[in-house]
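Trainee: Pasting a structure below so you can have a look.
None of the figures in this text is laboratory data; all of them are computed from the coordinates on show. Keep in mind that this is a model prediction, so the values were computed, not measured. For neighbour counting, all protein chains shown are included, and Cβ atoms are generated from backbone atoms with ideal geometry for every residue, glycine included.
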Amino acid sequence: MKRESLLAALGAIGLVACAWAVPWLKFVLTIALAKGIAVLGILLLLRAGQVSFGHSMFLALGAYTVAFLAPAENEVLLLLPAAALVAGGVGLVIGLFLVRYRDIFFGMLNLAFAMVLYSLLEKLYDFTKGTDGIRVAALTFAGTEPERGTQEWVVFGIALGLAILFGLLVRFYLGSPMGRALAGIKTRETRLEFMGVSARRVLLFAYVLSALMGGVGGALIAMTTRHVTPQIAYWTSSGELVFIAILGGAGSALGPFLGSVAFELVRVYAAAAVAEAWQMILGAVLLLVILFAPGGVWGLLSRRWRA
Amino acid sequence: MTDWFADNSLLFGLALLDGLANAALIFMVAVGLNLVFGVLRIVNVAHGSLFAIGAYTAASIGMFFAARGLPPWTGYVALVLAAVAIGAVLGPLIERLLLRRIYGHEDVLQLLVTFALFMILEDVQKLVWGVQPVSQDAPLKFLGTVDIPFGEDVIPFTAYQLFVIPGVAVVTLLGLAWFLRRTLTGRVIVAVTTDKEAATAMGIDAARITLLTFSFGAGLAALGGALASPTLALVPGIGAQTIVLSFAVVATAGLGQIEGAALTALLIGLGRSIAVYFAPEFEVVVPYLIMVAVLLVRPQGLFGVIETRRV
């Protein structure tokens, strides 16, 4: 427990040091933190034994909220809550429907909603500019408009701060009775019902929270890349999020961030080394992790301590 | 309203014909996915990649035959060869080397293993066949077109898409139904699907059945791809498109349903092609709208059976 906090603090310092020492890494690490926040949401659902194969829709909702609102209102401190609100709101509406389903149906329905969003983003050209995507207008932070270098640091800092905030929140939530009930859905849902706990309500709360974090992650990605395309909603992006969750390890709120940093670094280096086959390398890494380290990066670390 | 139908009868005719061929192809992929899920209890995300590789292989073999100066009908032999090759080589390889290691693991891990496989196979396609569109339409041209009267108009439609693709799908459907219900191996597959433990206790070699079923499913996906190859330009990403569509079919039909999968494929194939002609923006959305609408009313799928809740 103490080691987890220590590792988190060390990790945060390490990230800042890396971003400072190697400027181009700042971009990669900001994306990693943003995805990590979204993957925290996947982690919640995994606790309940459910896999969302469409979580990218919430990233897309957050990202497109930023892209659409930015021309009218470019204040980062307003855009982030707006993105969270949109994603959380949509999460609540479809969550009401989705929590009635489990396992493959839950996964496939998520996928269906994500694909609907993807194709709307792609096809409604007049509104979304289709596959060309939308350029995000210049942003202001607390009323000031920082120059490029500073702006990168600002977004990085916000991502890091939010990552820590959401990490703590998820840790607290998973330790609370509501969070414990989530694990109950995975093991024996009927027992939960016998105790008078509504499994659907428990899952709905987790789903809305995960959607909200997805929206925040997507908004941060939009603020970093400054360009939003429908690709962010495609089902392969959702697969990546689940990939990161397993890569990092589902055992700790730190896992998603360990996973996303590892994922983004492997992706960047693999793409630089063999441009044609980076996806193949990522796939091979995923296979190795599942076959030889099913606890993910977090599992490897915590096992070492126990030994 | 009747006027509108009269005005658009030609488009409707085209949509129906297109939808039929489309449905036949989706069915070939979805039924294999369904069969594999039944026995292995794994949702194979890489199933669409097998469709894509089947299509590419068929095109390559077809072009190789054509380059050798073989008669055009050998194009059809190429289609079958591709499907058999994928089913007999790639299928067993994947099952033996990869999937066998993860039976009994958590569902998430099993799903992700096939996702990793999907990522790897996507790049394999790019490395082997490149990113430029590959196409061969010899089997399509060989049979020529048929004039179909539609009211006062006549629609020329390729005989390949009108007879060959739906024909193969119908033969697959009937053959599969007969195989699963009337032959020993087929019944054993059904037994393993229903209760693997009990089947094993009766002396059934579940490992052999698993290998057989997966390879067979892989072959069906590859056959679907091979059949589709003369009708479309092969580009990276067709595997990813195909798999989400067949997910929609399987989830809408309900698990373990073969005839149900056929009807659902028809429903979704027609829905999609009608959208192509009348509301092209919504072409991709239609299958998922159908799926969501169906699951809203029937959570177990159109033809699915409610599983008893195990306490």
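Trainee: Sort A:Val22, A:Val136 so the one with the fewest other Cβ atoms within 10 Å of its own Cβ comes first. Present the calculation step by step, with values, prior to reporting the outcome.
Mentor: On the way: A:Val22 11, A:Val136 22.
Least to most surrounded, the residues fall as A:Val22, A:Val136.
Trainee: With a ≥ b ≥ c the root eigenvalues of the C-alpha gyration tensor of chain B, is it rounded (a/c under 1.5), prolate (a/b larger than b/c) or oblate? Walk me through the numbers on the way to the answer.
Mentor: Numbers: a/c = 1.80, a/b = 1.28, b/c = 1.41.
Note, shape of chain B comes out oblate.
Trainee: Follow-up. At 24 angstrom or more along the helix axis (alpha-carbon based) and mean Kyte-Doolittle of -0.5 or higher, what helices does chain B contain? Whole DSSP H runs only.
Mentor: Both cut-offs are met by B:9-40, B:47-67, B:107-129, B:165-182, B:206-228, B:258-278.
Trainee: May I ask for the distance between the Cα centers of the stretch A:62-135 and the stretch A:191-218, given as a whole number of Å?
Mentor: 19 Å
Trainee: With θ set to phi - 60°, apply the Karplus curve 6.51 cos²θ - 1.76 cosθ + 1.60 along the stretch A:27-34 and write out the HN-Hα couplings as whole Hz, x wherever there is a Gly or Pro.
Mentor: 4, 4, 6, 4, 4, 4, 5, 4
Trainee: Using the alpha carbon gyration tensor of the stretch A:1-126, what are the three equivalent-ellipsoid semi-axes (square root of 5 times each eigenvalue), largest first, in whole Å?
Mentor: The equivalent ellipsoid of the stretch A:1-126 has semi-axes of 29, 23, 13 Å.
Trainee: If you don't mind, there's one more thing I want to ask. Long-range amide H contacts for B:Ala46: which residues qualify at under 5 Å (H placed 1.01 Å from N, peptide plane, sequence gap of 5 or more or a different chain)?
Mentor: It is B:Phe118, by chain and number.
Trainee: How big, in percent, is the set of alpha carbon pairs in the protein assembly as shown lying more than 48 Å apart?
Mentor: Percent of Cα pairs beyond 48 Å in the protein assembly as shown: 15.
Trainee: Only counting other Cβ atoms within 10 Å, I'd like A:Trp298, B:Trp178, A:Trp153, A:Trp278 sorted with the fewest neighbours first. Don't jump to the answer; show the numbers that get you there.
Mentor: Details: A:Trp298 24, B:Trp178 11, A:Trp153 15, A:Trp278 19.
Ranking A:Trp298, B:Trp178, A:Trp153, A:Trp278 by Cβ neighbours within 10 Å, fewest first, gives B:Trp178, A:Trp153, A:Trp278, A:Trp298.
Trainee: Equivalent-ellipsoid semi-axes (√(5λ), Cα gyration tensor) for the stretch B:1-142, whole Å, largest first?
Mentor: So the three semi-axes of the stretch B:1-142 are 32, 25, 13 Å.
Trainee: If the cut-off is 17 Å between C-alpha atoms, which lysines fall inside it for A:Lys26, apart from same-chain ones fewer than 8 positions away?
Mentor: A:Lys35
Trainee: Using only Cα atoms, what is the ratio of the radius of gyration of the stretch B:4-67 to 2.2 N^0.38 Å?
Mentor: Normalised Cα radius of gyration, the stretch B:4-67: 1.63.
Trainee: Then there is this: Suppose the chain between B:Met63 and B:Gln241 were pulled fully straight at 0.36 nm per residue; how much longer would it get relative to their current alpha carbon spacing?
Mentor: Working: separation 178, 0.36 × 178 = 64.08 nm, distance 2.47 nm.
So the extension gain works out to 61.6 nm.
Trainee: Report, in whole Å, the centroid distance computed from the Cα atoms of the stretch B:44-89 and the stretch B:90-146.
Mentor: With the stretch B:44-89 and the stretch B:90-146 each reduced to a Cα centre, they are spaced 13 Å.
Trainee: Order these by the 10 Å Cβ neighbour count, fewest first: A:Leu286, B:Leu14. Spell out each step's value before the answer.
Mentor: On the way: A:Leu286 26, B:Leu14 19.
Sorted ascending by nearby Cβ count, the order is B:Leu14, A:Leu286.
Trainee: Taking B:Lys141 as the anchor, which lysines have their alpha carbon closer than 30 Å to its alpha carbon, excluding any fewer than eight residues away along the same chain?
Mentor: B:Lys126
Trainee: Which of these, B:Ile120, B:Ile53, B:Ile268, has the largest mean-square fluctuation under a Gaussian network model of chain B (Cα springs below 10 Å)?
Mentor: Comparing B:Ile120, B:Ile53, B:Ile268 in the GNM, the peak value goes to B:Ile120.
Trainee: How big is the shadow of the Cα convex hull of the stretch A:2-232, averaged over all directions, in nm²?
Mentor: With the hull built on Cα positions only, its mean projection is 13.3 nm².
Trainee: Per residue of the stretch A:191-202, what does 6.51 cos²θ - 1.76 cosθ + 1.60 with θ = phi - 60° give for ³J(HN,Hα)? Whole Hz please, x for Gly and Pro, Karplus curve as stated.
Mentor: Once θ is set to phi - 60°, the couplings for the stretch A:191-202 become 4, 4, 5, 4, 7, x, 9, 7, 4, 4, 5, 4 Hz.
Trainee: Mind telling me which of B:Arg182, B:Arg298, B:Arg96 comes out most flexible in a GNM of chain B, alpha-carbon contacts under 10 Å?
Mentor: Looking only at B:Arg182, B:Arg298, B:Arg96, the biggest GNM fluctuation is shown by B:Arg182.
Trainee: Just A:Tyr125, A:Tyr207, A:Tyr173 to compare: in a GNM of chain A, with alpha carbon springs under 10 Å, which one fluctuates most?
Mentor: Highest fluctuation among the options: A:Tyr125.
Trainee: Then there's this: On average over all directions, what projected area in square nanometres does the stretch A:15-71 have, based on the convex hull of its Cα atoms? Numbers along the way, then the final one.
Mentor: Details: hull surface 21.3 nm².
That works out to 5.3 nm², a quarter of the Cα hull's surface.
Trainee: Still on this structure, please answer the following. Suppose a student asked you for the relative contact order of chain A, using Cα pairs under 8 Å spaced at least 6 residues apart; what percent would you report?
Mentor: 34 percent
Trainee: Given bins 5 angstrom wide, list per bin the percent of all Cα-Cα distances in the stretch B:215-311, short to long.
Mentor: Here the calculated profile for the stretch B:215-311 is 2, 12, 18, 23, 20, 13, 7, 3, 1, 1, 0.
Trainee: I would also like to ask the following. Per-residue Cβ counts within 10 Å, from other chains only, averaged over A:228-237: what number is that?
Mentor: Taking all residues of A:228-237 together, the mean is 2.
Trainee: Roughly how crowded by other chains is peptide B:244-255, in terms of the mean Cβ count from those chains within 10 Å of each of its Cβ atoms?
Mentor: Values: counts 11, 1, 0, 8, 4, 0, 2, 8, 2, 0, 1, 2.
For peptide B:244-255, the averaged partner shielding equals 3.
Trainee: Pop the C-beta distance of B:Leu289 and A:Cys18 into the FRET formula with R0 = 41 Å and round what comes out to the nearest 0.05.
Mentor: For B:Leu289 and A:Cys18, the calculated efficiency is 0.35.
Trainee: According to the Cα gyration tensor, what semi-axes, each the square root of 5 times an eigenvalue, does the equivalent ellipsoid of the stretch A:176-301 have, listed from largest to smallest in whole Å?
Mentor: 31, 20, 12
Trainee: OK, next. Pairs of alpha-carbon atoms within less than 8 angstrom and 6+ residues apart define the contacts here; what relative contact order does the stretch A:109-205 have, in percent?
Mentor: 11 percent
Trainee: Remind me, relative contact order of the stretch B:30-236 in percent, using alpha carbon pairs under 8 angstrom and six or more residues apart?
Mentor: 43 percent.
Trainee: Against the globular-protein guess of 2.2 N^0.38 Å, express the Cα radius of gyration of the stretch B:192-251 as a ratio, rounded to two decimals.
Mentor: Expressed relative to 2.2 N^0.38 Å, the Cα Rg reads 1.55.
Trainee: Find how many whole Å separate the alpha carbon centroid of the stretch A:164-178 from the alpha carbon centroid of the stretch B:218-278.
Mentor: Comparing the Cα centres of the stretch B:218-278 and the stretch A:164-178, I get a distance of 42 Å.
Trainee: When only DSSP loop residues count, what chymotrypsin sites (Phe, Trp or Tyr not before Pro) in the stretch B:1-108 have their Cβ near at most 16 other Cβ atoms within 10 Å?
Mentor: Filter output for the stretch B:1-108: B:Trp73, B:Tyr103.
Trainee: Loop only by DSSP, 14 or fewer other Cβ within 10 Å of the Cβ. Give me the trypsin sites (Lys or Arg not before Pro) in the stretch A:222-307 that pass, ordered by residue number.
Mentor: none
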